[in-house]
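The values are calculated or read from the model by the stated rules, or taken from the named source; none is laboratory data. Since this is a predicted model, take the numbers as computed values, not measurements. All Cβ positions, even for glycine, are placed from backbone atoms using ideal geometry, and neighbour counts span all protein chains on display. Ligands, DNA and RNA are excluded from the accessible area calculation, which covers all protein heavy atoms including side chains. Shrake-Rupley method; radii C 1.70, N 1.55, O 1.52, S 1.80 Å.
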Amino acid sequence: MTATTKPTTQLGPDARAWAAENLKGFYMCPLTPLTDDFELDEAGLRYNIDAFVEMGCAGLVVGGFFAEGWNMTLAEWWRYHEVVADAAAGRLPLFTIILESSAYQAVEKMRYVESLGFTGAEIMNPSVQLKTNDDVVSYFDFVAPKTGLALVLYRTPVSGFVYSHDAVLRIAEHPNVIGVKNGTLTWTDSIALRRRAGDRLVISEPNERYWAHDAALFGGRVLYGELSLLLYGKWRADLHHYTDLALAGDLEKALPVSAKLDPVRQVYDEVLIGRIAATGSYVAAMPYLKAWFELLDLRAGPMRPPVTARLSGAERDLLAQRLDAAGVI
């Protein structure tokens with residue numbers, strides 16, 4: 001199994017020392033279970049978190065697109081994080097995800113989760129108004145000094161603007177900025193960014209397909225903000241096994257184990273990666289991911305309106321057939 005981590009909070013200037021020791025392995029980004037009337041399923045959320053700990057997640061990254069955090073009221077967002085913190089009970093580090101265009105709301109949210117014991121926050125640059133590298137740097141210059149949380153940058157075309165590597169280096173002048181989820185859908189971009197900023201920041205390429213080579217050859221340390229360990233079902237032990245080999249630098253032994261996972265990767269790519277690439281959004285993939293969770297005996301429920309709540313019966317049956325054929329369930 002991959003290394004365990006030490007939950008903590010209010011890291012401040014010690015954030016990078018914490019990251020060097022702890023930001024490795026699987027920091028997964030779970031879905032939010034909802035009831036049939038589209039309210040938070042608190043019992044289901046607690047059940048899932050227990051399952052995630054048992055799976056060997058090193059940390060959880062919550063409250064963003066996968067979690068439907070964008071479609072919650074502020075009161076619901078508070079309550080969701082309260083339940084996550086209580087259910088996790090210090091067993092693993094927790095990161096929230098900040099998607100706010102308002103820097104002031106971003107700071108308010110971060111201060112709240114810090115009070116709950118969260119370790120960090122992943123922050124996407126604002127999706128409106130701030131559309132230059134200087135704008136994005138100014139945003140982080142405002143929010144970073146106002147929190148003791150460890151901060152991970154989320155670079156993604158979903159924000160509407162992917163800021164430059166030079167901007168990342170400028171933002172990295174803040175000592176509590178510890179890493180980047182490099183969601184540009186280009187592995188070579190992650191490698192290039194790691195070459196420039198890897199002495200200061202942990203750069204995550206959030207695509208398990210590249211994980212063995214990334215960890216063994218290119219300095220990858222963490223699969224951050226994605227779902228592979230949660231979704232791979234019966235392949236989880238092999239995912240852990242080849243990860244340990246790759247992180248130890250033994251690519252020759254890691255690759256045959258990794259290759260066993262190709263059938264589930266094909267389904268994962270079609271259900272998730274392909275839909276994000278085609279639409280610039282997570283929404284088209286979410287009903288499939290909710291059904292996938294439930295087929296693995298995790299709690300999920302429907303999507304909230306205005307998104308299509310569930311797959312049709314035929315679509316769900318087809319997904320189940322494909323996951324069965326891939327050895328997942």
Over 28 Å (Cα to Cα) - which of LYS24/LYS146; LYS131/LYS290; LYS146/LYS290 fall in this group
LYS131/LYS290; LYS146/LYS290
Among DSSP bridges having both ends in the stretch 15-131, what percentage is antiparallel? Round to the nearest 5.
10
Quick one: Cα centre-to-centre distance for the stretch 118-187 and the stretch 56-76, in angstrom?
18
Which value at 222 nm does the chain reach when only helices count, each DSSP H run of 4 or more adding -39,500 (n - 2.57), with the total divided by all residues and rounded to the nearest 500 deg cm²/dmol?
-13000 deg cm²/dmol
Which value, in debye to the nearest 20, gives the size of the charge dipole of the chain about its Cα centre, when Lys and Arg are +1 and Asp and Glu are -1 at the Cβ?
500
At a threshold of 8 angstrom on Cα-Cα distance, excluding pairs fewer than six apart, so keeping six or more, what relative contact order does the stretch 1-160 reach in percent?
26
May I ask you to compute the full-extension gain from VAL128 to VAL307, defined as 0.36 nm times their residue separation minus their alpha-carbon distance, rounded to one decimal in nm?
62.3 nm
Overall form of the stretch 1-120 per C-alpha gyration tensor (a/c, 1.5; a/b vs b/c):
oblate
Within the set ALA58, ALA87, ALA215, GNM on the chain using Cα springs under 10 Å gives the largest fluctuation to ALA87
So in the chain, what percent of DSSP beta bridges are antiparallel if you round to the nearest 5?
5
Within the accessible area of the chain, what % is carbon and sulfur when the probe is 1.4 Å and the other protein chains stay in place?
53
Give me the one-decimal nm value for the distance between modelled label points at GLN105 and ALA43, 7 Å along each residue's Cα-to-Cβ direction.
3.3
Order by accessible surface, 1.4 Å probe, largest leading, for residues HIS165, HIS81, HIS241, HIS213 comes to HIS241, HIS213, HIS165, HIS81
At a threshold of 8 angstrom on Cα-Cα distance, excluding pairs fewer than six apart, so keeping six or more, what relative contact order does the chain reach in percent?
19
Over the stretch 163-239, what is the mean sequence separation of C-alpha contacts under 8 Å (at least six apart), divided by residue count, expressed as relative contact order in percent?
25
Gyration tensor (alpha-carbon) shape descriptor, the stretch 167-301, a/c threshold 1.5
oblate
What shape does the chain have by the C-alpha gyration tensor, where a ≥ b ≥ c are the square roots of the eigenvalues, rounded means a/c under 1.5, and otherwise prolate means a/b greater than b/c and oblate the rest?
rounded
Let's see if you can work this out: charge +1 on each Lys and Arg Cβ, -1 on each Asp and Glu Cβ, no other charges. What is the dipole magnitude of the stretch 9-84 about its Cα centre, in debye to the nearest 20?
460
What range in the chain is the longest one free of GluC sites (Glu not before Pro) that are in a loop by DSSP and have at most 13 other Cβ atoms within 10 angstrom?
174-329
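Give the accessible surface of the chain per residue, rounded to a whole number of Å², with probe radius 1.4 Å and ligands, DNA and RNA excluded.
Numbers: 12610 Å² over 329 residues.
Accessible surface, normalised per residue, equals 38 Å².
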